[in-house]
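Read the structure below first, then the notes.
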Amino acid sequence: MTRPAVSLEDYQAMVGTEVGMSDWVLVDQVRIDQFAEVTGDHQFIHVNPELAAQTPFGTTIAHGFLTLSLCSSFAYQALPSVKGVKMGVNYGLNKLRFMAPVKSGKRIRGKFTLADVTQRPDGAWQSTLAVSVEIEGESKPALAAEWVSLQYL
């Protein structure tokens, strides 16, 4: 996928605006089970449809951290690339809330608003993004986060 490339100045001018939205991604039981296997988190609400059907959710739900982990691919899809950046790394999260469960079989996508871009003393550029992961057909997002990354030119 070719993302639009913008200058650092144009990227900085985007502060306060929505800078991208990813495509929808299906979160099916296979993906949930694979995440459980990789992380060792086999809580029944994620991997046992029969027991999960007896909960208020009525079905299995994705791990919150599975939903969060998909933000990397959403960002790669949705965000513009900045000309001259040689490397970008995750720096962390200032805020994160899991707002609504992602039920097995639902589709989700990431929406990104650029909140801040500043240069650090080490020369890296720090971007802060407001991220919302939407659940198709639902009014409440799966998660809301303030995500910080570093870009090295």
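Every number here is computed from the coordinates shown, using simple stated rules; none is lab data. This is a predicted model, so every value here is computed, not measured. Please note: Cβ atoms are built from the backbone with ideal geometry, for glycine as well, and neighbour counts cover all protein chains shown.
Mean separation of Cα pairs under 8 Å and 6 or more residues apart, divided by the residue count, gives the stretch 5-152 a relative contact order of 30 percent. By the helix-only formula, in which each DSSP H run with n ≥ 4 contributes -39500 (n - 2.57) and the sum is divided by residues, the chain has a 222 nm mean residue ellipticity of -6000 deg cm²/dmol. Across the stretch 44-50, computed HN-Hα scalar couplings (Karplus, 6.51 cos²θ - 1.76 cosθ + 1.60, θ = phi - 60°) run 4, 4, 9, 10, 10, x, 5 Hz from first to last residue, x flagging Gly and Pro. As a calculated quantity, the FRET efficiency between residue 29 and residue 120 at R0 = 30 Å, using C-beta atoms, amounts to about 0.10.
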